[in-house]
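What follows is a single structure, written as structure tokens, with notes after it.
The values are calculated or read from the model by the stated rules, or taken from the named source; none is laboratory data. Everything quoted here is computed from the prediction, not taken from an experiment. Backbone-built Cβ (ideal geometry, glycine too); neighbour counts: all protein chains shown. Side chains included, ligands, DNA and RNA excluded: accessible areas come from the protein's heavy atoms. Shrake-Rupley method; radii C 1.70, N 1.55, O 1.52, S 1.80 Å.
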Amino acid sequence: MPTRGERNPLWYKDAVIYEVHVKTFCDSNGDGIGDFRGLSSKLPYLRDLGVTAIWVLPFYPSPLRDDGYDIADYRGIHPDYGTLRDFQDFLREAHALGMRVITELVLNHTSDQHPWFQKARRAKPGSPWRDFYVWSDTPDKYPDRVNGWEVEVAPSRAHPGATSTSGATPRTSTPTPGSSSRTSKPPTGPGTR
């Protein structure tokens, strides 16, 4: 790992980046779910494969309805994956082996349990908090065009960043072409009016 003072903005051009989902990689305590201690134990192996950076998919507290992309708290670690100390140990060990760590921080997709969503849901229409999300009574309120075809953007588990599991889409969200799903009935649950 380069020293803190060393700055190379193009480090990624020669990097060997290994994407890993903590929960599926290595289980250290026998509960059937991968964790940071298990991932840490495999760092020398990854280094020996030539990996220079590890890209860790979301590992924050989440109800896991969208594979962890429905984040409830950006400042914590999902309890199934370990503790904040376990993450810090993993980070320290990766750096000691000369490996960078990239975390996936998905700010445009929250869980309906996140405080931002809860505050927005309780806010009156027109308030700044309510404006954090796009609210729809039907799945076809926000049509989009993909490759010349008009599609209806609806809640999708296939593309977690596209919409919220609650039926509300954060304002910064942009569906990826071809990733939208179709539905004939409106979403129900929190966030729908």
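Cβ-Cβ distances below 8 Å connect no pair with a first residue in segment 98-118 that is over 13 Å from Glu19 (Cα atoms) and at pLDDT below 85, a second residue that is of a type in the set (A, V, I, L, M) and open to solvent by 40 Å² or more (accessible area, probe 1.4 Å), and a separation of six or more residues or different chains.
Taking into account only those residues within segment 131-141 that are open to solvent by less than 60 Å² (accessible area, probe 1.4 Å) and in a loop (DSSP other than H, G, I, E, B), which is farthest from Ile71 (Cα to Cα)?
If we take residues in segment 131-141 being open to solvent by less than 60 Å² (accessible area, probe 1.4 Å) and in a loop (DSSP other than H, G, I, E, B), then Thr138 is farthest from Ile71 (Cα to Cα).
Here's the yes/no breakdown for (1) under 21 Å from Ile33 (Cα atoms); (2) charged (D, E, K, R); (3) under 10 Å from the mean Cα position of the chain (by Cα):
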| residue | (1), (2), (3) |
| --- | --- |
| Asp80 | yes, yes, no |
| Thr83 | yes, no, no |
| Phe90 | yes, no, no |
| Thr103 | yes, no, yes |
| Asp112 | no, yes, no |
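Is there a residue being surrounded by fewer than 18 Cβ atoms within 10 Å (Cβ to Cβ), modelled with pLDDT of 85 or more and in contact with a Pro (Cβ under 7 Å, 6 or more places away or on another chain) anywhere in segment 72-86? Among the residues of segment 72-86, at least one is surrounded by fewer than 18 Cβ atoms within 10 Å (Cβ to Cβ), modelled with pLDDT of 85 or more and in contact with a Pro (Cβ under 7 Å, 6 or more places away or on another chain), which makes the answer yes.
Any idea how many residues of segment 30-63 are open to solvent by less than 60 Å² (accessible area, probe 1.4 Å), in a loop (DSSP other than H, G, I, E, B) and free of Cβ contacts under 8 Å to residues at least 40 places away in the same chain?
Looking only at segment 30-63, we keep the residues that are open to solvent by less than 60 Å² (accessible area, probe 1.4 Å), and these are 33-36, 38-40, 43-44, 46, 50-54, 56-63.
Retained after the next criterion (residues that are in a loop (DSSP other than H, G, I, E, B)): 33-35, 50-52, 57-63.
Imposing the further condition that a residue be free of Cβ contacts under 8 Å to residues at least 40 places away in the same chain reduces the set to 50, 60-61.
The total comes to 3.
On inspection, Thr52 qualifies as among the polar types (S, T, N, Q), modelled with pLDDT of 95 or more and farther than 21 Å from Tyr133 by Cβ. Could you look through segment 114-130, keep only residues that are in a helix (DSSP H, G or I) and of a type in the set (Lys, Arg), and pick out the one that is surrounded by the most Cβ atoms within 10 Å (Cβ to Cβ)? The residue in question is Arg121.
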